[in-house]
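**Q** Here you go, one structure.
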Amino acid sequence: MAKPRILICDDEAEILRYLRKLLNGQGYEVETFDSGSRLLQRLETEEGGDLLLQDVRMPDMDGLAVFRKVKEYRPGLPVIIMTAYGSIDAAVEAIKLGAYDYITKPFPKEKILGVLENLFEREQLLQENRQLRDELHGTAASGSMVFRSRKFREVYDFTLQVAASESNILILGESGTGKELIASTIHHSSPRRGAPFYSINCAALTETLLESQLFGHVRGAFTGAFATQKGILAEADGSTLFLDEVGDMSLAVQAKLLRVIQEGEFIPVGSTRPKSVDIRFVAATNKDLETEIRAGRFREDFYYRLNVITINLPPLRERIDDIEPMARHFLSRFAARMKKEVNDLSPEAVRLLQSYHWPGNARELENVMERSVILARGATITPDALPMRSAAPLQASGGAGPNISLETLEREHIRQVLAANNYHKSRSAEILGISRKTLDRKIVEYGLAVPA
Ligand SMILES: Nc1ncnc2c1ncn2[C@@H]1O[C@H](COP(=O)(O)OP(=O)(O)OP(=O)(O)O)[C@@H](O)[C@H]1O
Ligand SMILES: [Mg+2]
């Protein structure tokens with residue numbers, strides 16, 4: 001690693017001077033800021049910086065507010081909080097929000113150098129991980145994430161950074177944004193990667209299934225329990241367990257899992273002996289859990305146990321730069337799978353993909369590309385193999401342009417009527433003056449996307 005650059009923000013000139021001298025002496029580059037606003041200004045306008053040491057008690061701005069902004073501008077920047085005795089609460093809060101560590105003032109030289117050394121060692125590891133991942137790319141396509149936007153790069157870096165810790169993680173994002181893929185990335189970039197990655201879909205877990213699926217049972221625990229079943233919690237001991245759709249978990253199940261997270265142990269059905277387990281939990285949902293808590297559908301204590309660190313996956317429409325590389329990635333995957341010689345996207349097709357709003361995010365893009373490979377007539381995907389249309393040409397020409405085929409026109413018109421009527425098929429059929437059956441046939445024929 002090149003000389004790491006450390007940013008330090010503290011209102012006490014004495015501290016800044018001391019740290020600068022100490023860290024320069026160890027070969028680090030140092031930049032100092034005597035106020036939160038100066039620091040934020042720097043982060044907003046300039047790149048660079050491998051680590052931030054930040055005081056959380058400063059006169060000009062609430063230190064935690066500054067920290068939140070820092071995380072917003074630079075989610076991937078590791079931050080060590082500096083705090084005086086008596087303001088530990090703020091430091092703990094910052095850790096929950098994603099700070100790497102904290103140190104209490106006055107800090108002895110060894111303490112601070114130790115923390116830095118740890119951190120940079122870990123960063124080095126992450127760097128190597130990332131390189132390995134990049135090298136694997138192409139071959140290990142299904143497991144790897146594709147992106148180009150800066151926004152996603154930061155989320156991804158943050159993910160690798162928190163993967164290395166043992167903390168539980170909550171992944172939030174609209175449906176299809178890649179939550180499951182990120183969960184598996186976390187596991188495979190963590191010290192637990194040697195073990196298999198375990199995953200359960202909480203929406204599918206009824207309470208009865210839960211008992212034996214999660215906790216396992218001993219032989220003879222109930223009629224039909226002929227053999228001892230281990231249960232996923234026991235299986236996942238020493239590994240990562242992904243709780244998918246955690247927002248749909250019943251309150252009773254939440255209560256049971258809360259105990260496992262808190263005590264690190266559980267009792268298999270029919271047994272009297274508690275079993276202790278060491279599991280890292282990663283959970284995901286597209287629900288707003290705070291709303292669920294207020295509505296009494298989600299336990300607040302469970303939420304805090306899971307949500308030690310949050311990863312927010314931005315929707316695809318907020319990272320348009322990712323659309324093209326992802327589309328090409330899916331394209332080559334489906335072309336290979338279907339053994340079709342399709343390998344390119346026309347510039348018009350790229351523009352069309354980029355102008356669409358992607359309510360179904362990456363999953364929808366994946367489906368669109370699969371379909372386009374099926375429909376492709378040549379090596380290059382053109383807009384007619386894509387289900388979405390920019391409504392512009394039809395409307396701009398006050399109806400049909402002179403160079404549009406009847407078929408295209410019909411397809412586009414049906415699409416617009418469906419969209420305008422919220423995909424209510426009977427109503428759309430009535431407006432179009434065709435039977436519901438004909439509409440269904442045309443939807444299939446034209447490959448129109450109709451949300452379930
Ligand atoms: N950045 C990416 N690069 C490559 N593939 C991606 C990327 N993001 C998502 N995908 C793919 O898109 C599909 C949807 O992703 P995933 O299942 O992880 O989303 P999700 O957020 O869990 O969706 P849901 O909320 O519907 O469960 C998967 O096939 C996944 O592999
Ligand atoms: Mg999912």
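The values are calculated or read from the model by the stated rules, or taken from the named source; none is laboratory data. Since this is a predicted model, take the numbers as computed values, not measurements. Positions of Cβ are generated from backbone atoms using ideal geometry, with glycine treated the same way; all protein chains shown enter the neighbour counts. Just the protein is used for accessible areas: all its heavy atoms, side chains included, with ligands, DNA and RNA removed. Shrake-Rupley method; radii C 1.70, N 1.55, O 1.52, S 1.80 Å.
**Q** Using only the alpha-carbon atoms of the range 281-372, report the extent along each of the three principal axes, biggest first, to the nearest angstrom.
**A** 53, 27, 20
**Q** Net charge near VAL342: determine it from the other residues with C-beta under 14 Å of the C-beta of VAL342, scoring Lys and Arg +1 and Asp and Glu -1.
**A** On the way: positive: ARG328, ARG333, ARG337, LYS339, LYS340, ARG371, ARG377; negative: GLU341, ASP344, GLU370, ASP384.
Residues near VAL342 contribute +3 overall.
**Q** Here is a further query. Take every DSSP beta bridge with both residues inside the chain and express the antiparallel ones as a percent of the total, to the nearest 5.
**A** In the chain, DSSP labels about 10 percent of beta bridges as antiparallel.
**Q** Calculate how steeply helix 436-446 sits against the longest principal axis of the alpha-carbon atoms of the chain, using the helix alpha-carbon long axis, and give the answer as 0 to 90 degrees to the nearest 10.
**A** 70
**Q** Dipole magnitude of the chain about its Cα centre, charges +1 at Lys/Arg Cβ and -1 at Asp/Glu Cβ only, in debye to the nearest 20? Intermediate values should be presented prior to the final figure.
**A** On the way: 58 positive and 62 negative charges, 241 e Å.
Charge dipole of the chain: 1160 debye, to the nearest 20.
**Q** Of all accessible surface on the chain at a 1.4 Å probe, what whole percent is carbon and sulfur?
**A** 50
**Q** How far is it, in nm, from the label point at ASP288 to the one at ASN421 when both lie 7 Å from their Cα along the line to the Cβ?
**A** Between ASP288 and ASN421, the simple spin-label model gives 3.2 nm.
**Q** Can you sort LYS3, LYS275, LYS339 by solvent-accessible area, 1.4 Å probe, largest first?
**A** The most accessible residue leads, giving LYS339, LYS3, LYS275.
**Q** Can you return the lysines within cross-link range of LYS105? Criterion is Cα-Cα under 27 Å, with same-chain partners fewer than 8 residues away left out.
**A** Cα-Cα hits under 27 Å: LYS3, LYS21, LYS69, LYS71, LYS96.
**Q** Also: If you take the C-alpha gyration tensor of the range 220-307, multiply each eigenvalue by 5 and take the square root, what semi-axes do you get, largest first, in whole Å?
**A** 26, 15, 12
**Q** Testing the spin-label approximation: label points 7 Å from Cα along Cα→Cβ at GLN26 and SER435. State their distance in nm.
**A** 7.9
**Q** Ok, one more. Tally Lys and Arg at +1 and Asp and Glu at -1 over the other residues with C-beta under 11 Å from the C-beta of ALA13: what net charge comes out?
**A** Residues near ALA13 contribute -3 overall.
**Q** Would you mind giving the three semi-axes, in whole Å and largest first, of the ellipsoid equivalent to the chain according to its Cα gyration tensor?
**A** Its equivalent ellipsoid spans semi-axes of 45, 33, 21 Å.
**Q** Just to confirm my numbers, what's the Cα centroid distance between the range 429-451 and the range 12-50 in Å?
**A** Going from one Cα centre to the other spans 63 Å.
**Q** Under a crude label model (7 Å from the Cα following the beta-carbon direction), how far is LEU375 from MET338 in nanometres?
**A** Placing both labels 7 Å along Cα→Cβ, they lie 1.0 nm apart.
**Q** Next up: For LEU172, what residues show an amide H to amide H distance below 5 Å, using hydrogens built from the backbone and excluding near sequence neighbours?
**A** Counting only residues 5 or more places away or on other chains, the set is ILE311, ASN312, LEU313.
**Q** Let me ask you something else. Tell me the net charge near PHE302. Cut-off is 12 Å between Cβ atoms, PHE302 excluded, with +1 for each Lys or Arg and -1 for each Asp or Glu.
**A** Surrounding charge for PHE302 is +2.
**Q** To continue, here is another question. Ignoring ligands, DNA and RNA, what accessible area per residue does the range 11-100 give at 1.4 Å, in Å²?
**A** On a per-residue basis, 49 Å².
**Q** Can you give the Kirkwood hydrodynamic radius for the range 170-326, in Å, rounded to one decimal and based on Cα pairs? Display every interim value, and only then the final one.
**A** Values: mean 1/r = 0.0599 Å⁻¹.
Every distinct Cα pair counted, the radius reaches 16.7 Å.
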